């Protein structure tokens with residue numbers, strides 16, 4: 001039995017979103033995060049979704065701030081604290097920090113039809129693969145269905 005890649009699943013969806021949507025929602029190409037998800041679980045899930053040589057580590061550290069904890073992302077000897085506000089962690093800040101640490105090789109994008117729910121779907125592909133999809137379907141069409149996570153992203157807010 002031939003394995004279908006996430007790229008192929010996303011490509012099939014972009015070719016026929018109206019007929020592929022139900023199947024795509026249940027496909028392994030979509031990573032689901034609930035608005036109540038622990039931020040460290042989001043970090044772990046994205047790291048484990050990457051090929052092993054691109055995994056990144058993280059550390060949960062107690063903080064004196066009202067939020068109680070910090071998350072430190074670690075990749076190739078660099079340590080970056082996720083820049084949360086003083087009161088609480090939030091999924092949008094977590095996702096933006098993850099995107100920053102996996103760039104430029106990888107892109108995390110929100111599956112926009114899921115944005116009507118309290119659980120959002122995300123797709124992770126190499127930047128090269130997203131570029132191939134944009135070259136074929138056009139960047140506007142790809143962005144319509146798969147919104148890039150970037151510095152100004154507010155997906156859960």
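The table that follows gives values for the structure above.
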| quantity | calculated |
| --- | --- |
| Given (1) exposed (fewer than 13 other Cβ atoms within 10 Å of the Cβ); (2) touching a strand residue (DSSP E or B) at 6+ places or on another chain (Cβ under 7 Å), index of the condition residue 69 fails | (1) |
| Residue match in region 71-85 (condition: modelled with pLDDT of 90 or more, out of contact with any helix residue (DSSP H, G or I) (no Cβ under 7 Å at 6 or more places or on another chain) and more than 25 Å from residue 51 (Cα to Cα)) | yes |
| Some residue of region 87-103 being more than 17 Å from the chain's Cα centre (by Cα) and either at pLDDT 95 or above or not in a helix (DSSP H, G or I) (or both) | yes |
| Exclusive hit being surrounded by 14 or more Cβ atoms within 10 Å (Cβ to Cβ), under 20 Å from residue 143 (Cβ atoms) and in contact (Cβ under 8 Å) with a residue 60 or more places away in the chain, set 31, 98, 102 | 31 |
| Residue list for region 1-14, restricted to those being touching a residue at least 40 places away in the same chain (Cβ under 8 Å) and out of contact with any strand residue (DSSP E or B) (no Cβ under 8 Å at 6 or more places or on another chain) | 11, 13, 14 |
| Residue within region 34-44 that is closer than 18 Å to residue 149 by Cα, surrounded by fewer than 18 Cβ atoms within 10 Å (Cβ to Cβ), modelled with pLDDT of 95 or more and within 13 Å of the chain's Cα centre (by Cα) present | yes |
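Quick grid of which residues meet (1) surrounded by 13 or more Cβ atoms within 10 Å (Cβ to Cβ); (2) free of Cβ contacts under 8 Å to residues at least 24 places away in the same chain; (3) farther than 18 Å from residue 150 by Cα:
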position	(1), (2), (3)
76	no, yes, yes
84	yes, yes, no
90	yes, no, no
107	yes, no, no
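The values are calculated or read from the model by the stated rules, or taken from the named source; none is laboratory data. Here the structure is a predicted model, which is why all the values come from computation and not from measurement. Please note: Cβ atoms are built from the backbone with ideal geometry, for glycine as well, and neighbour counts cover all protein chains shown.
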